[in-house]
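Written below as structure tokens is the structure these notes are about.
Taken together, the values in this text are just the output of simple stated rules run on the coordinates, not laboratory data. None of these values were measured; they are calculated from a predicted model. FYI the Cβ positions are ideal-geometry reconstructions off the backbone, even for glycines, and counts take in every protein chain you see.
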Amino acid sequence: MEEEESEKSPQLVRVLEALKEATHDIQRHHSSDSPAIKALLELHSILSSSDPYLSALSDHLIRLKTLVHSLNHSNGLLSFLTRPLSTLSLSRLASQIESEIQSWIDRETLHTLSSSLRNPNNNHEFVSLLTQSIYRVSQGFNRELQDLVLKLKLFSSLESVLFDDKCSIPVREQAGLAVSALIRFNKDVFVGQVLMGPTVRALVSMGSVLSLEVLCSLIRSIRSPLVDEIESNGEIPNIIAMLNSEDLELRVVALGCALEIGYFGRKEAVEAMMKEGLVEKLVELQRSEKGGDLIEIGREKVSGVLERKPFASCVARFAVQLEVGEGLRQREKRAFKPEILIRVRDASVSEAEAATIAAEVLWGSSP
């Protein structure tokens, strides 16, 4: 029975999306005699009168029927004078109907997703459901939508999929994106679940480009508390180790993650990165063909250079993150700069290399 319902739901959602588009047509053209109007009036005839979730929609459609009849059968001067007001009422009513249809779509989509999360399959349909849900919550806060997410315990289900190594990497990555979208949707409600759950550990253990991008997004959203969690879970060595990956894109994202940790991290997190030889690794990356220095480049040209050479001036960029970031106290910032310079000197292969990097660190570079 549950399988039959899950099969019917996508078909129903497609129909509802078409009806929602019909409300857009009414709002654009204010027509009281159009296929869009007829489609909405037909909807009322098939609504379940016993479904409390559809009562508001049913009431709006009854009002629509009355208003359309009035517009289509009224004549004379009074009709001419009141018609602009009536067409405005038609547009507003269409907007209300659109809102109710969207709520119906949300219920169908999230209920189907909830069922699928209990038995996730590594298939296109499941990923499509996650993508739809991510798009929906990315449109902005909605109280009814949040209540539905909480009622269905979707956040916990997403974390379970994220941590389930029997699921494929693409499915787990989409679950991570959904978690990140919910944090942006309402950080106050969902951030505690990230800090107490397995999200951080799962994202790092996946070790993919997208999983690290999700982690970076979460760091930017949650800031220092999430970096504290990363550090206390002992995940910093695993993140720094990704700078040794054969995959260039993964190395670039790992660098971005290290820079985010540098900006938001407290002393313990920065010390953990130093202990793992981050500065020495950055010197090596800056020396590579995808590295170089930005000291001679104008600020307006930096972004273009970094697209071609993502490791250019990465030591100074890290130092700048510590300097302008919000995780360290002022005296801690002052203490880390000499340590960075010492490590640069020890890791450099020549005096010229050490001098160039030290100059960038001392004078600053675009982060």
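A few remarks follow.
- Answer from Ala178, Ala202 - the residue that is within 17 Å of Ile134 (Cα to Cα) and either of a type in the set (A, V, I, L, M) or in contact with a helix residue (DSSP H, G or I) (Cβ under 9 Å, 6 or more places away or on another chain) (or both): Ala178
- Qualifying residue in the range 338-361 (condition: without any contact (Cβ under 8 Å) to a residue 12 or more places away in the chain, more than 19 Å from Val270 (Cα to Cα) and not hydrophobic (A, V, I, L, M, F, W, C)): yes
- Scanning the range 303-344 for residues being under 26 Å from the mean Cα position of the chain (by Cα) and small (Gly, Ala, Ser) gives a total of 4.
- Residue check, Asp188 over 25 Å from Asn119 (Cβ atoms) and out of contact with any strand residue (DSSP E or B) (no Cβ under 6 Å at 6 or more places or on another chain): yes
- Test: residue in the range 190-205 that is touching a Cys at 6+ places or on another chain (Cβ under 8 Å) and crowded, with 17+ Cβ neighbours inside 10 Å: no
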